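Down below is the structure, laid out as structure tokens.
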Amino acid sequence: MNTILRKSILGIAGLTVAGGLAAGPLNHDTSTAPVRDVAVTTQAAAKLDTAALIPHGVQGTQSHIDLDDEQTANVKAIIAATKKAGMDERAAVVSIATALQESKLENLGHLGDRNDHDSQGLFQQRPSSGWGTVEQITDPEYSTLAFLKGLKQVDGWQDMPLTKAAQTVQVSAYPDHYAQWEQQAADLVAQHWNS
């Protein structure tokens, strides 16, 4: 790397660190913030390793769909809610894979005869099962936080295959179907976690 470019990068990194030290503690409570190591100048810090997001490897044949702008916005909402819940990237992978299976990441309202009982929203949660009101479960942040609350209550979910963790929360008639979305969910988290 040439000397001028290196000095420029180091100067910018120094200003960023100094600015962060000056403004950081004034803007947030560090007592509840998770501690993470950050590699400031590497490109690897901007993109997550998808293999690390799939600790058990994918199970079975994987499915994939192309996402439109609404579905991508829902991915970003799930990631934001996961961060708000103080959970990690793996929780986002489980959440996104679940929403891919349940709704293809579409925030579904009542579908009439095609509805599974009163299931709605990204996670196909049911008001009659205590997930919240229709307005709540069709709010991507609320529905994700509700799903994550259920996931947190599953002992050892971090060490389970994705489909088992998702099924424990969702109690689906098709418990193994979540597995087919793990690779795409991991790819989406790797792409959008730091964006």
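Structure summary
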{"read-out": "Breaking point among (1) aliphatic (A, V, I, L, M); (2) assigned to a helix (DSSP H, G or I); (3) within 12 Å of the chain's Cα centre (by Cα), for MET87", "value": "(2)"}
{"read-out": "Those residues of the stretch 103-116 which are closer than 28 Å to HIS64 by Cβ, in a helix (DSSP H, G or I) and either open to solvent by less than 60 Å² (accessible area, probe 1.4 Å) or at pLDDT 90 or above (or both), in sequence order", "value": "SER103"}
{"read-out": "Filter result for ALA97 (in contact with a Leu (Cβ under 7 Å, 6 or more places away or on another chain), crowded, with 19+ Cβ neighbours inside 10 Å and not in a loop (DSSP other than H, G, I, E, B))", "value": "yes"}
{"read-out": "ALA91 being open to solvent by 20 Å² or more (accessible area, probe 1.4 Å) and aliphatic (A, V, I, L, M)", "value": "no"}
{"read-out": "Enumeration of residues in the stretch 127-137 that are under 21 Å from the mean Cα position of the chain (by Cα) and open to solvent by 40 Å² or more (accessible area, probe 1.4 Å)", "value": "TRP131, GLN136"}
{"read-out": "Residue that is surrounded by the most Cβ atoms within 10 Å (Cβ to Cβ), among those in the stretch 39-79 that are assigned to a loop (DSSP other than H, G, I, E, B), at pLDDT below 80 and of a type in the set (A, V, I, L, M, F, W, C)", "value": "LEU48"}
{"read-out": "Number of the condition not met by VAL171 [criteria: (1) at pLDDT below 95; (2) open to solvent by less than 10 Å² (accessible area, probe 1.4 Å)]", "value": "(2)"}
{"read-out": "Residue check for ALA91: modelled with pLDDT of 95 or more and in contact with a Ser or Thr (Cβ under 6 Å, 6 or more places away or on another chain)", "value": "yes"}
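Quick grid of which residues meet (1) out of contact with any Pro (no Cβ under 7 Å at 6 or more places or on another chain); (2) surrounded by fewer than 16 Cβ atoms within 10 Å (Cβ to Cβ); (3) on the phi < 0 side of the Ramachandran plot; (4) not in a helix (DSSP H, G or I):
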residue: GLN101; (1), (2), (3), (4): yes, no, yes, no
residue: ASP118; (1), (2), (3), (4): no, yes, yes, yes
residue: LEU148; (1), (2), (3), (4): yes, no, yes, no
residue: VAL154; (1), (2), (3), (4): yes, no, yes, yes
residue: ALA166; (1), (2), (3), (4): yes, no, yes, no
residue: TRP181; (1), (2), (3), (4): yes, no, yes, no
residue: GLN184; (1), (2), (3), (4): yes, no, yes, no
residue: SER195; (1), (2), (3), (4): yes, yes, yes, yes
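The values are calculated or read from the model by the stated rules, or taken from the named source; none is laboratory data. Note that the structure is predicted; figures quoted are calculated from it, not measured. Ideal geometry is used to build each Cβ from the backbone, glycine not excepted, and the neighbour counts take in all protein chains shown. Only protein heavy atoms, including side chains, enter the accessible area calculation; ligands, DNA and RNA are left aside. Shrake-Rupley method; radii C 1.70, N 1.55, O 1.52, S 1.80 Å.
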